[in-house]
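Participant: Encoded as structure tokens, here's the structure I'll be asking about.
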Amino acid sequence: MTLQPSNSQPAANQSRGVQPSNSQPAANQPSASQQIEAQPSERPAALPSLQAQIDEAVASIAQHLKAKPQIALILGSGLGELIKSIDVDYSVIYAQIPHCQSSGAPGHLGQLVFGSLFGKQVVTMQGRLHGYEGNTPEQVVFPLRVMHALGAETLITTNAAGAINANWQVGDIMLINDHINFTGENPLTFNQLETAYEPCPDMTFAYSPALRELARKAAEQNGINLREGVYLGLRGPSFETPAEIRAFRTWGADAVGMSTVHEVIAAASCGMRVLGFSLLTNMAAGIEQKPITGEHVLEVSSSAGSRLAALVDSIVESL
Ligand code: HPA
């Protein structure tokens, strides 16, 4: 699905019937300008605006909910453990949400799960949408926009990532204090939302300083040696080369992955408080002289994910 402004027409439709500029129409033929004027019946139905798509998705879900979600959670690759603590009220797979793409990535189930966690109403993306699956940035952040429109004002997002910081170890948890969006794309480009958000939103405090402080305290209470650093997001799907990792280190990146940055940009732009964690499933390319595989990433996130789940649990409890 390609999002188009509701008043736009595909290029193919615009050029239909146009004559070369030096040709003369025959006397009984319509002029070029008459031909360009497409008949309304020939026009493909315009897609609903982004706001209308969000409204439709929200309406399809809201009727099943007992309460509005306050906190949105995004569970990255293999990090489904957290779902076990949720007292589930309702769940819906992405494919059943109007205008939402479905997830096909390994380790990503692809559903929204609503329920309560330590007395807080939460909505959880059990698995996320990725750019490397062919989704546009707008499609990647669509479920996030729906969770916000349903009421969530806080986002806690998790991912699996490679450690660029060579002093860290596989299995460590990194609190994201900033990011580098190196996907070359931004989910706010051509933002068609009718609600007037700031067109060029500030990202200085995208990762809430207050929530980060809360996370440090929760980690201490849970005996977790929390790392803290910068996440660099790429589109993928190939893992990085050792030369790329060396370059990213000089830019100040501590971890690398294929998600999160677009969701955080969209969340921050609509005023959500954001907290992000990376579970470091491998040392980034070239740090250890061995290949990186998706299966290994999933194995580590499934086995080490319970500590991150415990940390998120205790943060939600204290919110
Ligand atoms: N690179 C990119 N994405 C990842 C990695 C990595 O090393 N590990 C887990 N996700």
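Participant: Go through E194, E198, E220 for me and flag whichever is charged (D, E, K, R) and modelled with pLDDT of 95 or more.
Facilitator: Result of the check over E194, E198, E220: E220.
Participant: Given (1) part of a helix (DSSP H, G or I); (2) over 21 Å from L298 (Cα atoms), where does K68 come up short, assuming only one miss?
Facilitator: Result: K68 fails condition (1) only.
Participant: Something else now. Only one of (1) in contact with a strand residue (DSSP E or B) (Cβ under 8 Å, 6 or more places away or on another chain); (2) away from the ligand (no atom under 15 Å from the Cβ) is not met by A284, so which one is it?
Facilitator: All conditions are met except number (2).
Participant: For the stretch 155-195, name all the residues that are of a type in the set (G, A, S) and away from the ligand (no atom under 14 Å from the Cβ). Step through it out loud before you land on a result.
Facilitator: Residues of the stretch 155-195 of a type in the set (G, A, S): 160-163, 166, 171, 184.
Scanning the stretch 155-195 gives a single hit, G184.
Participant: Within the set of pairs 6+ apart or on separate chains, which have a first residue in the stretch 140-153 that is within 18 Å of N191 (Cβ to Cβ), a second that is among the small types (G, A, S) and in a loop (DSSP other than H, G, I, E, B), and C-beta atoms under 9 Å apart?
Facilitator: Cβ pairs passing all conditions: V140/S259; L144/A152; H148/G271.
Participant: Something else now. Would you check which residues across the stretch 224-271 are on the phi < 0 side of the Ramachandran plot, among the polar types (S, T, N, Q), surrounded by 17 or more Cβ atoms within 10 Å (Cβ to Cβ) and within 11 Å of the ligand (Cβ to nearest atom) and list them?
Facilitator: S259
Participant: When you look at A210, is it surrounded by fewer than 20 Cβ atoms within 10 Å (Cβ to Cβ), of a type in the set (A, V, I, L, M, F, W, C), modelled with pLDDT of 95 or more and more than 14 Å from the ligand (Cβ to nearest atom), yes or no?
Facilitator: In short, yes.
The values are calculated or read from the model by the stated rules, or taken from the named source; none is laboratory data. Just so we're clear, the structure is a prediction, and the values are computed from it rather than from any experiment. When we count neighbours, we look across all protein chains shown, and the Cβ atoms used for this are built from the backbone with ideal geometry, even at glycine.
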